[in-house]
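Enquirer: Please see the structure below; I have some questions.
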Amino acid sequence: MEKYSFTQPPHPYWLASTSDTDYPVLDRDVKVDVAIIGGGITGITCAYLLKKAGLSVAIIEADRLAQGATGHTTAKITSQHGLIYNKIKKQMGMEAAQQYADANEQAIREIAGIIEEKKIDCDFSHQTAYVYTERDDYVQEIETEAKLAQELGIEADVTTEIALPIKIKAAVSFDKQAQFHPRKYLLTLAKDIPDDNSYIFTQSRVVDIDDENNYLLKTAEGKKVAADKVIIASHYPCYNKAGLYFARLFPHRSYVLAVKTREAYPGGMYITAEEPGRSFRSLPTEEGEMIMIGGEHHKTGQGADTRQHYQNLAAYAQEVYPDAEIHYRWSTQDYLTPDQIPYAGYFLPSTPNLFLATGFRRWGMTNSMVSAMIIRDLIVSGESPWQNLYDPSRQTIAASSKTFIVENLNVANQLLKGKLSAAPADPTDADIETGEAKVIMIDGDKVGAYRDEQGTLHLVDTTCTHLGCELKWNAAEKSWDCPCHGSRFTYEGEIIEGPTVKPLKTGKEQID
Ligand code: FES
């Protein structure tokens, strides 16, 4: 399979080009107006806006700031989220499409305004964004989307040519969109948060939310944050007591390469209308300009050997740019909702002080800002112009019942398949090569075994600690991934991302 050999493990440019943050671990109990679980773009933006509105805030992040989905994004700041507007209009009506356009166009202006006001050096540039097709049967859809976008007040147009070396049939363009370096932006923004009874705590995982008297967040180390209001901005809600979010958020992974070519990049951000999805944007780096090429999305923990996705992208990059040299590669995880609109607002209609922001599909830069504005407005003034459209309890979730049923049948199927799948009986250690992982049977139990480069065998219980699905090996990222709701673990059993809050059992002793 390895036509293209990658000498380095996946690592995003955003993390390679910025330093780790060193905000403290939560080592004492604190009390704030608003506690925010998650220190990615949504959590940091919520904290920034709320502190500006005069409230004290605390971000509590399980890892370090902006390391998860935010550190692995393609960082396109756009209101063009594929061919979304006709879908929204058909599903929810013209007013909903107008609200989505207004909210996301406003988000672009807000981010640009913050960067301008604070003079943040984050490689921000305005770009034109294109959705293009190479197929005749998508031309009509592209034209309809452009016409609707114009009606919604977006500076949109149709073209039959783009500046990339790709022959297209049609494209819809949106002007005044943008791109940036997300960590350069967010790490600067975060500096404004600690002070005046506001805090950022990292490497502090919230494992429980006690809602008896106001809210009390408890970390794995037993420290507490008391808050009048809580925002769950941790990508997938870690609060499982209500809401059935595990049944209405669907995890997907996708892949990116950063390549260097002799050909100068013409500018613009591009994405295909059809499958397989492919996207392009420029990447200014200290090593010169590169081109980011993305795509290959699939359900987490399902489908082909994940290394094949990098191979497919590499083959595509060299088809478009024959001299392309790959300098960086990485993958990310996004959550989808049944109607493709994010969840931002009250966690439940009955929780006026508990908020949620997630389900951004692959459009987290603008949708995180929209979510932060909605939640800020709900907290500060009790209403937002976009609260109904983004309401996590909206009726259209029920109306999208076909997607809902199909996705949940898929989860049930994965659960069953995992439990029934056979594993080799009593293989010896010698069956597992260096860098390889297998699920094996030890004394009748299924155990995930990975042999590292030093020859050490790492054993984990492959039962997901969230709701018990069987994990699948992700060979590209060397992780154990859950096909049901997307929890991911290192080969040593540590949590990479939730919804789980418990690491895997490790070693034969504990597994017994
Ligand atoms: Fe829910 Fe694994 S993430 S069972």
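Enquirer: Among (1) outside any strand (DSSP E or B); (2) hydrophobic (A, V, I, L, M, F, W, C); (3) in contact with a Leu (Cβ under 9 Å, 6 or more places away or on another chain), which single condition is Ala62 missing?
Expert: Of everything listed in (1) outside any strand (DSSP E or B); (2) hydrophobic (A, V, I, L, M, F, W, C); (3) in contact with a Leu (Cβ under 9 Å, 6 or more places away or on another chain), Ala62 misses just condition (3).
Enquirer: When the range 477-502 is examined, which residues are found to be assigned to a loop (DSSP other than H, G, I, E, B) and within 13 Å of the ligand (Cβ to nearest atom)?
Expert: Within the range 477-502, Cys482, Pro483, Cys484, His485, Gly486, Ser487, Gly498, Pro499, Thr500, Val501, Lys502 qualify.
Enquirer: Only one of Gly468, Gly435 is within 16 Å of the ligand (Cβ to nearest atom), under 31 Å from the mean Cα position of the chain (by Cα) and surrounded by fewer than 16 Cβ atoms within 10 Å (Cβ to Cβ). Can you tell me which?
Expert: Within the list Gly468, Gly435, the selection yields Gly468.
Enquirer: Then there's this: With the structure loaded, tell me whether Glu212 is within 24 Å of Ala129 (Cα to Cα) and either out of contact with any strand residue (DSSP E or B) (no Cβ under 7 Å at 6 or more places or on another chain) or open to solvent by 50 Å² or more (accessible area, probe 1.4 Å) (or both) or whether it fails that test.
Expert: no
Enquirer: Return yes when Gln414 is in a helix (DSSP H, G or I), loosely packed, with under 14 Cβ neighbours inside 10 Å and either more than 14 Å from the ligand (Cβ to nearest atom) or modelled with pLDDT under 90 (or both) and no when it is not.
Expert: no
Enquirer: Moving on to the next point. Could you check Gly345 against (1) modelled with pLDDT of 95 or more; (2) open to solvent by 10 Å² or more (accessible area, probe 1.4 Å) and say which number it fails?
Expert: (2)
Enquirer: Okay, next question. When you go through Asp339, Asp305 one by one, which is the residue that is in a loop (DSSP other than H, G, I, E, B), away from the ligand (no atom under 16 Å from the Cβ), at pLDDT below 95 and within 16 Å of Tyr4 (Cα to Cα)?
Expert: Asp305
Enquirer: May I pose another question? Of the conditions (1) touching a helix residue (DSSP H, G or I) at 6+ places or on another chain (Cβ under 9 Å); (2) open to solvent by less than 60 Å² (accessible area, probe 1.4 Å), Gly288 fails just one. Which one is it?
Expert: Gly288 satisfies all of (1) touching a helix residue (DSSP H, G or I) at 6+ places or on another chain (Cβ under 9 Å); (2) open to solvent by less than 60 Å² (accessible area, probe 1.4 Å) except (1).
Enquirer: Out of (1) touching a Leu at 6+ places or on another chain (Cβ under 8 Å); (2) more than 11 Å from the ligand (Cβ to nearest atom), the odd one out for Met441 is which?
Expert: Against the list (1) touching a Leu at 6+ places or on another chain (Cβ under 8 Å); (2) more than 11 Å from the ligand (Cβ to nearest atom), Met441 comes up short only on (1).
Enquirer: I need the full set of residues from the range 92-113 which are surrounded by fewer than 20 Cβ atoms within 10 Å (Cβ to Cβ), touching a residue at least 60 places away in the same chain (Cβ under 8 Å) and more than 19 Å from Glu151 (Cα to Cα), in order please.
Expert: Glu110, Ala112
Enquirer: Further question: Step by step: first the residues of the range 71-91, then only those that are open to solvent by 10 Å² or more (accessible area, probe 1.4 Å) and in contact with a helix residue (DSSP H, G or I) (Cβ under 7 Å, 6 or more places away or on another chain), then the one that is modelled with the lowest pLDDT. Which residue is that?
Expert: Gln91
Enquirer: How about the range 1-36: which of its residues are of a type in the set (Val, Ile, Thr) and in contact (Cβ under 8 Å) with a residue 40 or more places away in the chain?
Expert: Those that are of a type in the set (Val, Ile, Thr) and in contact (Cβ under 8 Å) with a residue 40 or more places away in the chain: Thr18, Thr21, Val25, Val30, Val32, Val34, Ile36.
Enquirer: In the range 139-170, what residues are over 22 Å from Ala97 (Cα atoms) and not basic (Lys, Arg)?
Expert: Thr159, Thr160, Glu161, Ile162, Ala163, Leu164, Pro165, Ile166, Ile168, Ala170
Enquirer: Restrict the check to the range 148-166 and report whether at least one residue is modelled with pLDDT of 95 or more, within 22 Å of the chain's Cα centre (by Cα), among the hydrophobic types (A, V, I, L, M, F, W, C) and buried (at least 17 other Cβ atoms within 10 Å of the Cβ).
Expert: Within the range 148-166, not a single residue is modelled with pLDDT of 95 or more, within 22 Å of the chain's Cα centre (by Cα), among the hydrophobic types (A, V, I, L, M, F, W, C) and buried (at least 17 other Cβ atoms within 10 Å of the Cβ).
Enquirer: So is Ala449 away from the ligand (no atom under 13 Å from the Cβ), within 27 Å of Gly38 (Cα to Cα), buried (at least 16 other Cβ atoms within 10 Å of the Cβ) and not β-branched (Val, Ile, Thr) or not?
Expert: Answer is no for this residue.
The values are calculated or read from the model by the stated rules, or taken from the named source; none is laboratory data. Please read these numbers as outputs of a predicted model, since none were measured by experiment. Glycine also receives a Cβ, built like all others from the backbone with ideal geometry; neighbour counts cover every protein chain displayed. Surface areas here come from the heavy atoms of the whole protein model, side chains and all, with no ligands, DNA or RNA. Shrake-Rupley method; radii C 1.70, N 1.55, O 1.52, S 1.80 Å.
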